[in-house]
């Protein structure tokens, strides 16, 4: 399990563990890029807990002050989930439950 509050992790590690941690914890503790925020943090497919479902653009901008609103808005507007090579939850859980 990742120790988000005491360590910084790279994008690959965060992506690999996306279902094992709460998105709010990632948002609060890690330095994220716009792409990761759009693909995972603001993506309802990954917002599994009630707390994660409360994440919005204003929260992202507050907790990730290096992110510019305009960049985030543009990225959200042009985000196409078909461009992702993201494993779905069932595949992920089957791979790691053994």
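Compute the distance in nm between two label points, each set 7 Å from the Cα along the Cα-to-Cβ direction, one at residue 78 and one at residue 50.
3.8 nm
Subtracting the Cα-Cα distance from 0.36 nm times the residue separation, let me have the gained length for residue 6 to residue 66 in nm, one decimal.
Contour length minus the Cα-Cα distance gives 19.6 nm.
If you project the alpha carbons of the stretch 24-75 onto their three principal axes, what span does each projection cover, largest first, in Å?
For the stretch 24-75, the Cα spread along each principal axis is 27, 20, 16 Å.
Any read-out appearing in this document is the output of simple, stated calculations on the displayed coordinates, not a laboratory observation. Keep in mind the model is a prediction, meaning the values are calculated, not measured. A quick note on method: Cβ atoms are made from the backbone with ideal geometry, for glycine too, and the neighbour counts reach across all protein chains shown.
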